[in-house]
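These notes are about the structure you will find just below.
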Amino acid sequence: MDTIFQGQLLRPDFPFEAEVQTESSRLYHWHDAVELLLVGQGTICVTMPGREYQLAEDDLLLIGSGEVHCLTSEAGACWVSVRFAPRMVQPLLVDGGPAQGRELWPREIQRCSRQWQEQTAQQFRSLVRQLVEETEVRSHGWQTAVRGVLYQLSLLVLRELPACEENMARRDSRDDLLKKALAFLVDNYTQDISLKECADVIGFNMNYFSRFFRSHTGIHFHQYLTELRLRKACQLLLTTGLPVTEVIVQSGFQNAKTFNRVFKNACGCSPRDYRKDSGTDRKL
């Protein structure tokens with residue numbers, strides 16, 4: 001289930017990463033790590049079940065551990081992604097005792113900086129940039145410095161971020177149902193699966209599930225399934241010498257005509273040219 005659930009996202013000895021990113025994927029996923037996003041330039045869109053955040057330059061967004069999300073961006077956009085395991089700061093979270101098993105941050109908070117006081121947002125931006133600098137320079141004691149900044153960020157979250165009015169139980173239910181559907185897709189996308197089969201897995205009728213999937217992911221079920229298969233096809237083209245006919249089978253497409261049409265529309269070239277242009281030309 002690597003495509004959907006990223007359980008081993010970070011190093012176990014120091015589960016933290018801060019980097020500038022420029023590429024996105026419309027495939028939904030979740031991971032154990034907490035993620036902070038800071039847009040550097042351009043615009044990006046982060047979609048979660050029932051929510052969508054349009055982020056521009058200097059906007060921040062917090063994504064909690066286990067939250068289903070996907071990110072898309074306009075051409076030329078870049079953003080900082082800070083990811084860390086909750087255990088990096090958990091001992092600090094509960095006064096008078098350890099925080100094992102507790103939420104890292106209160107869930108009932110506004111996650112996007114557009115709903116924060118500007119002073120709080122400025123402090124957040126400064127701290128996120130410190131994390132990037134410490135990661136890039138790696139001076140003596142940089143890991144201790146990173147932990148210190150994460151503690152400061154956590155304190156800002158606990159003290160300064162405004163409350164959210166959303167029904168959290170309902171949001172948890174949406175997340176769980178979507179995770180179940182996505183897990184089914186990633187386990188079965190190489191087969192000739194249908195909308196009805198996926199709907200049956202989570203106990204919805206087909207029409208209701210179609211609306212549920214569209215409203216909580218932003219794209220239609222079959223469009224998502226096609227993108228999942230395309231991602232697998234691209235991976236196979238770049239990392240194996242399999243002939244295209246075998247790539248079609250292993251990525252779940254039902255025939256060569258459909259595959260070639262969908263691939264060219266998505267990638268702007270044929271599978272052969274895609275492999276060649278990526279410097280891994282092989283006999284197909």
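The values are calculated or read from the model by the stated rules, or taken from the named source; none is laboratory data. None of the values given here were measured: they were computed from a predicted structure. All Cβ positions, glycine included, derive from the backbone under ideal geometry; neighbour counts span all protein chains shown.
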(request) All but one of (1) basic (Lys, Arg); (2) free of Cβ contacts under 8 Å to residues at least 40 places away in the same chain; (3) touching a Phe, Trp or Tyr at 6+ places or on another chain (Cβ under 8 Å) hold for Arg229, so report the exception by its number. (result) (2)
(request) Please find, among Thr258, Thr217, Thr190, the residue that is among the β-branched types (Val, Ile, Thr) and either loosely packed, with under 14 Cβ neighbours inside 10 Å or in contact with an Asp or Glu (Cβ under 9 Å, 6 or more places away or on another chain) (or both). (result) Thr258
(message) Quick check on my filter: what residues within region 133-146 are surrounded by fewer than 17 Cβ atoms within 10 Å (Cβ to Cβ) and touching a residue at least 12 places away in the same chain (Cβ under 8 Å)?
(response) Gln143
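Does region 249-263 contain at least one residue that is of a type in the set (Phe, Trp, Tyr), without any contact (Cβ under 8 Å) to a residue 60 or more places away in the chain, outside the structural domain of Arg26 (by TED's automatic domain parsing) and not in a loop (DSSP other than H, G, I, E, B)?
Yes; the residues of region 249-263 include at least one that is of a type in the set (Phe, Trp, Tyr), without any contact (Cβ under 8 Å) to a residue 60 or more places away in the chain, outside the structural domain of Arg26 (by TED's automatic domain parsing) and not in a loop (DSSP other than H, G, I, E, B).
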(request) Mind counting the residues in region 195-239 that are over 16 Å from Phe263 (Cβ atoms) and at pLDDT below 90? (result) 6
(request) Hey, can you tell me all the residues within region 85-107 that are touching a helix residue (DSSP H, G or I) at 6+ places or on another chain (Cβ under 6 Å) and either aromatic (Phe, Trp, Tyr) or at pLDDT 60 or above (or both)? (result) Met88, Val89, Leu104, Trp105, Arg107
